[in-house]
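The values are calculated or read from the model by the stated rules, or taken from the named source; none is laboratory data. Note that this is a predicted model, so its numbers are computed, not measured. In this analysis, Cβ positions are derived from the backbone assuming ideal geometry, glycine residues included, and neighbour counts consider all displayed protein chains. These area figures cover heavy atoms from the full protein model, side chains too; ligands, DNA and RNA do not enter into them. Shrake-Rupley method; radii C 1.70, N 1.55, O 1.52, S 1.80 Å.
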Amino acid sequence: MNGCRRRRKDLVLYHYGALEGSARDRLVSHLESCRACRGAIDEIATLGRTLSVHSEKEHPAGSPDPLEGFRDEVMRRIEALPQPQSAGRPRFLWASAVGVAAAALLLLVLVSSDRGPSGSHPANGVLRGEELELLEELELIEDMDLLENWELVELLDQV
Amino acid sequence: MARVCAGDRSAFGILVERYQKKVYRLARDLSANPEDARDLAQEAFLKAFRNIGRFRKQAGFGTWLFRITVNVCMDYWRKQKTHGFSSAGGGKAAEGPGGIVARLPDTTPASNPHAQAEASQLRHAVAGALAELSPTQRSIFILRHYHEMGIREIASVLGRAEGTIKVHLFRAVASLRKKLAPYRC
């Protein structure tokens, strides 16, 4: 049963067609003999049906098309914009350095926090809560899309 | 594409025509608010046009555009959160006309008020469960489940490693399973 617990991630990925190669073969073989995991797969499929929007319509009958005049409106707004730069802007080295430093910090935390009594390793697919929180934080930093904020980039570059 | 990269506005219009439906759908599902989705989709196209010089052709224009759309929607969530809408991307917005809740299958007969109430409860539970996912998990789950993107494509759109996408997808499903356990059909 403990072995089955470790397969929970694989079951989800299998359901979403994201398990490949030998990992998939191993799981398929395991499913043949494990009723609990087959049940878990059924449960994930049930959840999928619960969340399903198969009856989705682009817009309910009788309601206005949300995309009516969309292209024209976008083009009007684009006409009001200055000509975009056709060549790529140089990317600042420091911006990459921020990303590398954040990744290095995360790695350091992950390695140093991996000396618990259980000895489990995140690479096994079992990430602890704190580590995941850190991962989320790192992603938030990444999501800030610093290069979009040109003024901030220039300001920080002067520091 | 060469004309678009050179700043040709009319050529960009062809791309708007081609991608507007997909970008709108993505903005609608990510924001869970059809009323704001049109503005968000427009913002994505404007951002794409302004930054066309940064587009690297090997990524594919669609992938790049979807990435911009996801970023626009993530900014939207943050603004909603800043303005006190703690369940941005879910809750009331999701219940609105055309939101995820409204688009969930309603197969209950009108003559059965009890079943209708149960279905309504389920739709709210789904919206709430989706809203409680982290922005990254929600984006990944919506891209995979509702837009049927593959892991590799999601990784390209979000600029993440495939392994990261898989971990987040697993965690999203685990969270949804837990939260929706009492509503299993």
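Observations on the model:
- ³J(HN,Hα), Karplus 6.51/-1.76/1.60, whole Hz, each residue of the range B:135-148, x for Gly, Pro: x, 5, 4, 4, 4, 5, 5, 5, 4, 7, 7, 8, 10, 6
- Given R0 = 45 Å, the distance between the Cβ atoms of A:E43 and B:D39 translates into a calculated FRET efficiency of 0.70.
- Pairs exceeding a 28 Å alpha-carbon distance, out of B:K57/B:K79; B:K47/B:K79; B:K81/B:K179; A:K9/B:K21: B:K57/B:K79; A:K9/B:K21.
- Per-pair calculated FRET efficiency, R0 = 25 Å: B:R18 and A:E73 via Cβ, rounded to 0.05: 0.95
- Chains A and B, summed buried accessible surface - 1.4 Å probe, Å², nearest 100: 5600 Å²
- In this simple spin-label approximation, A:L106 and A:R24 carry label points 7 Å from Cα along the Cα→Cβ vector, and these lie 2.7 nm apart.
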